[in-house]
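*Asks:* This structure is in C-alpha cells; I'll ask about it shortly.
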Amino acid sequence: MKVGLFLTNQQHLETDMVGAFADQCVMVRAARDRGWDSLFSGQHYLTEGNNKMLQIVPFLARLAAEAGEMTLGLGVLLINLHNPVYVAETVATLDVIARGNFIFGVGLGYRDVEFDAFRVPKGQRVKRFEECLELVQRLWTEDTVSHEGETCKLENVHMNLRPVQKPRPPIWIAANSDKAVLRAARIGDSWLINPHSTTRTLKRQLALYRPELERQGRPFPRELPCIKEVFCAKDRAAAIEMAGPYLAGKYKDYARWGQDKAMPEDESFDIDFDALSEDRFILGSPEECFAQLRPYWEELGVNHLIIRTHWAGMPLATALASMRLISDELLPALRRV
C-alpha cells in the first residue's frame, strides 16, 4: 500500500497566506521524512464564501523542492478550463521539475462559476474535456499536430518540450458520477477515487468500472488510488473533537458549491456531521482508522491511499498531531497490507 498526503491549499479569508504556506511546507517535510509516498493537491477558481485558494501549478512546483523523492501529483487539474497547449507545456514542465516522478490527475469540474469564467458552455463540457486530453497527449507524442476547434487552432505544430516519462505521465481521472467512472475506464490510466462517496456507492461503481475496462480491452490499473479524509487521535471521540469542526466546514462549503449535485444517488452533504461521516470519513485511533480503511483494499482493490488530514482553519499543531500518529502507527500497518 502506498500512502500519500493530500495537502489543503484552501484557507479562510482572514488567514495570512504566507504563514499558511509556511505551515504547508512543514507538513510536506514531515511526510517526506517519515516515508510517505506521494504529495497531491487540488484546484478551484473563484472560491466562494469564507475561502481563498492558492493555484495548484505554482503551489506544487514550489513544494517539489520540499518533497524529496515523493511522487508529485495533480489532484486534479481542471483541464477543460484551459487551452490544450497551456496544459501540455505546463504539465510537461511539472514532470521535469519532479524528475519524472509525477502523476497527471485531471477532472471535469462541477461549478458553474468556473465554467462561466472560462466560457465553457453547457453541453460542451465533456466534449472539451476529452478533446483537451486527447490533444495534450498528441502534442507530447506526435511529430506534428494539426487541429481546429473552439479551444485552439494548430497547423502542423511541433512541441519541443516533452515530459520526462515516455510516452507520458500516468493519467488519473477523477470521477464522481457513474458516467464519469465509465469515462475514466475508457480514456484514463486509472480512476482517482474521490473522498466524498460512501463505500456502498464505490462498490457499486467498481462494478461498472471493471466491465467497462474489459469492453475497452484495457487491464485493471496497477495503481488504484483513493483520496480519504483521515484524522488520527487517541480515540474516535478525540478525533471528532479535534477535526470535526474543520471537516464539517469543508463539506458545508462543498454543499454550497454544489459538489454533491455531481454525486450519484443520495450522496447529499446537507446533513448533520454524524450522518455525513458514516461510511465516509476515517476518524479515530490508528487501530480504528485501520479497521475503517480495510474495505478499501479488501473490497475495492485500492493500493494507493492519499490522505487529507488538514482542512481550512485547522492549526498546524493539530494536523501534525494526526500526521505523527499516522506515520508512527497507521502507516506501518498499511505497509503490511
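The values are calculated or read from the model by the stated rules, or taken from the named source; none is laboratory data. Here the structure is a predicted model, which means the values were calculated and not measured. Neighbour counts run over all protein chains shown; Cβ positions are idealised from the backbone, glycine included.
*Asks:* Please go through segment 209-238 and pick out each residue that is in contact (Cβ under 8 Å) with a residue 60 or more places away in the chain and among the aliphatic types (A, V, I, L, M).
*Replies:* LEU224, ILE227, VAL230, ALA233
*Asks:* Name the residue, out of LEU206, LEU247, that is at pLDDT 95 or above and touching an Asp or Glu at 6+ places or on another chain (Cβ under 7 Å). Steps first, please.
*Replies:* Details: LEU206 fails: touching an Asp or Glu at 6+ places or on another chain (Cβ under 7 Å).
One residue alone meets the criteria, LEU247.
*Asks:* Here's another thing I want to ask about it. How many residues are outside any loop (DSSP other than H, G, I, E, B) and either of a type in the set (A, V, I, L, M) or in contact with a Phe, Trp or Tyr (Cβ under 9 Å, 6 or more places away or on another chain) (or both) when one looks only at segment 81-92? I'd like the intermediate steps shown before the answer.
*Replies:* Pass one, segment 81-92, residues outside any loop (DSSP other than H, G, I, E, B): 81, 84-92.
This time we only want the ones that are either of a type in the set (A, V, I, L, M) or in contact with a Phe, Trp or Tyr (Cβ under 9 Å, 6 or more places away or on another chain) (or both), so: 81, 85, 87-88, 91-92.
Total satisfying the criteria: 6.
*Asks:* Filter segment 161-210 for residues that are part of a loop (DSSP other than H, G, I, E, B) and of a type in the set (Lys, Arg); which is farthest from ILE103 (Cα to Cα)? It would help to see each step written out before you state the result.
*Replies:* Taking segment 161-210 as the starting set, the residues that turn out to be part of a loop (DSSP other than H, G, I, E, B) are 161-170, 176-177, 188-189, 194-198.
The next check asks that each one be of a type in the set (Lys, Arg); those that pass are 162, 166, 168.
Details: ARG162: 15, LYS166: 13, ARG168: 10 Å.
Per the stated criteria, the residue is ARG162.
*Asks:* Scanning segment 184-205 for residues that are surrounded by fewer than 20 Cβ atoms within 10 Å (Cβ to Cβ) and more than 25 Å from PHE273 (Cβ to Cβ), which turns out farthest from the chain's Cα centre (by Cα)?
*Replies:* ARG186
*Asks:* Right, another one. With the requirement that a residue be touching a residue at least 12 places away in the same chain (Cβ under 8 Å), among the aliphatic types (A, V, I, L, M) and either touching a strand residue (DSSP E or B) at 6+ places or on another chain (Cβ under 6 Å) or exposed (fewer than 14 other Cβ atoms within 10 Å of the Cβ) (or both), what does segment 263-292 give you?
*Replies:* Those that are touching a residue at least 12 places away in the same chain (Cβ under 8 Å), among the aliphatic types (A, V, I, L, M) and either touching a strand residue (DSSP E or B) at 6+ places or on another chain (Cβ under 6 Å) or exposed (fewer than 14 other Cβ atoms within 10 Å of the Cβ) (or both): ILE282, LEU283.
*Asks:* Same structure, new question: Pick out the one residue from ALA239, ALA174 that is of a type outside the set (D, E, K, R), farther than 21 Å from VAL136 by Cβ and in contact with a Gly (Cβ under 7 Å, 6 or more places away or on another chain).
*Replies:* Numbers: ALA174 fails: farther than 21 Å from VAL136 by Cβ.
Going through ALA239, ALA174 in turn, the sole match is ALA239.
*Asks:* How many residues are surrounded by 20 or more Cβ atoms within 10 Å (Cβ to Cβ) and either among the aromatic types (Phe, Trp, Tyr) or within 19 Å of the chain's Cα centre (by Cα) (or both) when one looks only at segment 111-131? Even if it seems obvious, please write down each step before you answer.
*Replies:* In the first step, residues of segment 111-131 are kept if they are surrounded by 20 or more Cβ atoms within 10 Å (Cβ to Cβ); the result is 115, 120, 128-129.
Applying the additional criterion that residues be either among the aromatic types (Phe, Trp, Tyr) or within 19 Å of the chain's Cα centre (by Cα) (or both) yields 115, 129.
Selection size over segment 111-131: 2.
*Asks:* Which of the residues that make up segment 308-337 are aliphatic (A, V, I, L, M) and in contact with a strand residue (DSSP E or B) (Cβ under 7 Å, 6 or more places away or on another chain)? Can you show your working first?
*Replies:* If we filter segment 308-337 for residues that are aliphatic (A, V, I, L, M), which is where we start, we get 312, 314, 316-317, 319-321, 323, 325-326, 330-331, 333-334, 337.
Once the filter is applied, which keeps residues that are aliphatic (A, V, I, L, M) and in contact with a strand residue (DSSP E or B) (Cβ under 7 Å, 6 or more places away or on another chain), segment 308-337 yields ALA312, LEU325, ILE326, LEU330, LEU331, LEU334.
*Asks:* Would you mention how many residues in segment 163-188 are touching a Ser or Thr at 6+ places or on another chain (Cβ under 8 Å) and either free of Cβ contacts under 8 Å to residues at least 12 places away in the same chain or not aliphatic (A, V, I, L, M) (or both)?
*Replies:* 5
*Asks:* Can you find, within segment 9-24, the residue that is farthest from the chain's Cα centre (by Cα) among those that are surrounded by 15 or more Cβ atoms within 10 Å (Cβ to Cβ) and in contact (Cβ under 8 Å) with a residue 12 or more places away in the chain? Lay out the reasoning, then the answer.
*Replies:* Restricting attention to segment 9-24, the residues satisfying the condition of being surrounded by 15 or more Cβ atoms within 10 Å (Cβ to Cβ) are 9-11, 15, 20-21, 23-24.
From what is left, the residues that are in contact (Cβ under 8 Å) with a residue 12 or more places away in the chain are 9-11, 15, 21, 23-24.
Numbers: ASN9: 12, GLN10: 14, GLN11: 17, THR15: 23, PHE21: 19, ASP23: 20, GLN24: 17 Å.
Filtering segment 9-24 for residues that are surrounded by 15 or more Cβ atoms within 10 Å (Cβ to Cβ) and in contact (Cβ under 8 Å) with a residue 12 or more places away in the chain, the one farthest from the chain's Cα centre (by Cα) comes out as THR15.
*Asks:* Looking at (1) more than 14 Å from the chain's Cα centre (by Cα); (2) of a type outside the set (Val, Ile, Thr); (3) assigned to a strand (DSSP E or B), which one does ASP95 not meet, given that it meets all the others?
*Replies:* (3)
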